[in-house]
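S.K.: Got a structure here, written out as structure tokens. Questions coming.
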Amino acid sequence: PSVTTLNSRRFTNKLALLLYLVHKVAAIALVCFLIFKGIQGLIDGSNPAKRKEERVLKYLLPQVEAASLLSITLAFSWQKALREWPQIMVYFILWCTFFMSLSAGILLICFQKPATDGVGVCFIAFAIGNGLYACWVSQRVGFCYKVLLKSLEPVDKFRDLNQPAYWMLGAGFLWMSLWILAVVGALNFYYPALVIIALLLSLCWTTEVMRNVVNLTVSRVIALYYLRGMQSNTQFCFQRALTRNLGSACLGSLFVPAIEAMRIIARGLNLLEGEDEFMFSCAHCCLNVMQSIFRYGNGWAYVQIAAYGKGFVRASQDTWALFEREEMEPIVDSDMMSAICFLTGVCSGSICVIVVAAWTAKVHQPFTATISLLAFFIGYLMTRIAMALPHACVSCYYVCYAENPENRLFDKTIKERLELIKAGRDVVVPTPRVPRRFTR
């Protein structure tokens, strides 16, 4: 049976927590060792890698640090603007990301180097896809704005709700600075390419855990307000997210991005038309797998993890069961908030690419492609941490409504949308299902 107490004191997903702590100890040890190797290479005048390290420190480190600071500024600018002008910002984010990623791609292609051309083509391809998505979801922006406006109302009652994001971004900046020094040291070690890839994967997991710590903190504060009308202490909720619920944040950080990617693929397969039996057999298999996995792991689970101290899998099951009970699957499945947060990260990354690529092209053009990719990842990862606050507020609004639709803190926004969907008068993205031809 699910644990339903609001004061659970047990640690969730202990195995995932242990795995993350082991990984973190190993990552810190590796970073310290590589920084030592980098310093050793710079001191040793006979080392053939010395000149390469000096060039990297001179022409790469300043740009990466600048990208980190710029991304933090952009992160809080996006969040502040989204909270102040939600209706305008939903449209603005959709189309600003299109123009920024397109501009970054065109700029990189203008350098006329094979590496920058390849990266530039990727940016342009993404911009085209983003433009098509913006046109496709235009009919759903109105409802997204209404939910966002309503879900952000409790934020003003908690003046310190942004403090966990400040702490996580500060920690992220410090770790990013050490991380780039470790990348420099990797040039003076065996198999530098493999070491840098390992460092990058570790960085992605670490920043995703930071984002979910903020998500859990905000989710507990807002969920307790909806469920019990409580004015929770943000610092206490932050400590709880960093201790008792950290294992769930680690486990979710590993699997939710992959599950969301599978969900997007499943939606694409569900839209395929044709009569190729092999293709639709593959679609049938992928859709069934996706449906099973999504029930046992989804991003909505963080609300119940934060509120009730459930494990990640149990929280995912219980949350999806609530949505099914209230027949809310079409609404939550077509929610745009995840996409909006993702696109803000891409937009920040694209802006960092434009600034850093133009700078690097003037001082040392051979590093342009490498620094552009680093700047994009830094801008994306940092922005996602700050955008955890509005994302958590929207998640709490949906999940807490599903748990108690009669709560006086909720209006008729979701209820009216459900009625329109049932009457066939509203547009939603259907939950990926097995094509009808396979159910005959």
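S.K.: Can you sort Lys37, Lys58 by 1.4 Å-probe accessible area, starting with the largest?
M.R.: Lys58, Lys37
S.K.: Relative contact order, percent, of the range 142-262 when contacts are C-alpha pairs under 8 Å separated by at least 6 residues?
M.R.: Relative CO of the range 142-262 lands at 27 percent.
S.K.: Which residue, Thr12, Leu373, Phe98, has the largest displacement toward the positive end of the dipole of the chain when charges sit on each Cβ (Lys, Arg +1; Asp, Glu -1)?
M.R.: Of the candidates, Thr12 comes out farthest on the positive side.
S.K.: Shifting gears a bit: Using the Kirkwood radius over Cα pairs, work out the Stokes-Einstein diffusion coefficient for the chain at 25 °C and 0.890 mPa s, in µm²/s as a whole number.
M.R.: 106 µm²/s
S.K.: So what's the Cα pair-distance distribution over the range 202-263, bin width 5 Å, in %?
M.R.: Computed distribution, short to long bins: 4, 19, 24, 21, 15, 10, 5, 1.
S.K.: Counting only protein heavy atoms and using a 1.4 Å probe, what share of the accessible area of the chain belongs to carbon plus sulfur, as a whole percent?
M.R.: Summing carbon and sulfur atoms, their accessible area is 65 percent of the total for the chain.
S.K.: Can I ask one more? Work out the charge dipole of the range 20-78 with +1 on the Cβ of Lys and Arg and -1 on the Cβ of Asp and Glu about the Cα centre, then indicate which of Gly38, Ala26, Ser77 is farthest towards its positive end.
M.R.: Highest projection toward the positive end goes to Gly38.
S.K.: Which cross-chain or sequence-distant (5 or more) residues have an amide H under 5 Å from the amide H of Asn13, H modelled 1.01 Å from N in plane?
M.R.: Result for Asn13 returns Phe312.
S.K.: Quick one: compute the contact order of the range 24-423, relative version, from alpha carbon pairs under 8 angstrom and 6+ residues apart, as a percent.
M.R.: 28 percent
S.K.: Going through the DSSP H helices of the chain, which span 18 Å or more along their own axis at the Cα atoms while scoring at least -0.5 as a mean Kyte-Doolittle hydropathy?
M.R.: 14-43, 61-84, 86-110, 114-136, 163-186, 192-228, 246-270, 277-296, 312-325, 337-363, 368-386, 388-403
S.K.: With the dipole of the chain worked out from charges on the C-beta (+1 for Lys and Arg, -1 for Asp and Glu) around the Cα centre, which of Leu409, Tyr59, Val213 lies farthest toward the positive end?
M.R.: So the residue furthest toward the plus end is Val213.
S.K.: Next question. Go ahead and set up a Gaussian network model of the chain, Cα springs under 10 Å, then flag whichever of Leu374, Leu420, Leu389 fluctuates most.
M.R.: Looking only at Leu374, Leu420, Leu389, the biggest GNM fluctuation is shown by Leu420.
S.K.: Kindly provide the helix-only [θ] at 222 nm of the chain, computed as the sum of -39,500 (n - 2.57) over DSSP H runs of four or more divided by all residues, to the nearest 500 deg cm²/dmol?
M.R.: Here the helix-only value at 222 nm equals -26000 deg cm²/dmol.
S.K.: Compute, for the range 24-423, the length of the dipole vector about the Cα centre, with Cβ point charges of +1 (Lys, Arg) and -1 (Asp, Glu) only. Units Debye, rounded to 20.
M.R.: With only Lys, Arg, Asp and Glu charged at Cβ, the dipole is about 1140 debye.
S.K.: Alpha carbon centre of the range 1-40 versus the range 103-180: separation in Å?
M.R.: That distance is 26 Å.
S.K.: Measure of size requested: the Rg and Dmax of the range 149-203, with Cα atoms as the atom set and Å as the unit; please supply both.
M.R.: Computed over the Cα atoms of the range 149-203, radius of gyration and Dmax are 18.2, 54 Å.
S.K.: Where only protein heavy atoms count, and the probe is 1.4 Å, what is the accessible area per residue for the range 104-163 in Å²?
M.R.: With the other protein chains kept in place, the range 104-163 gives 51 Å² per residue.
The values are calculated or read from the model by the stated rules, or taken from the named source; none is laboratory data. This is a predicted model, so every value here is computed, not measured. Positions of Cβ are backbone-derived with ideal geometry, glycine not excepted, and every protein chain shown enters the neighbour counts. Just the protein is used for accessible areas: all its heavy atoms, side chains included, with ligands, DNA and RNA removed. Shrake-Rupley method; radii C 1.70, N 1.55, O 1.52, S 1.80 Å.
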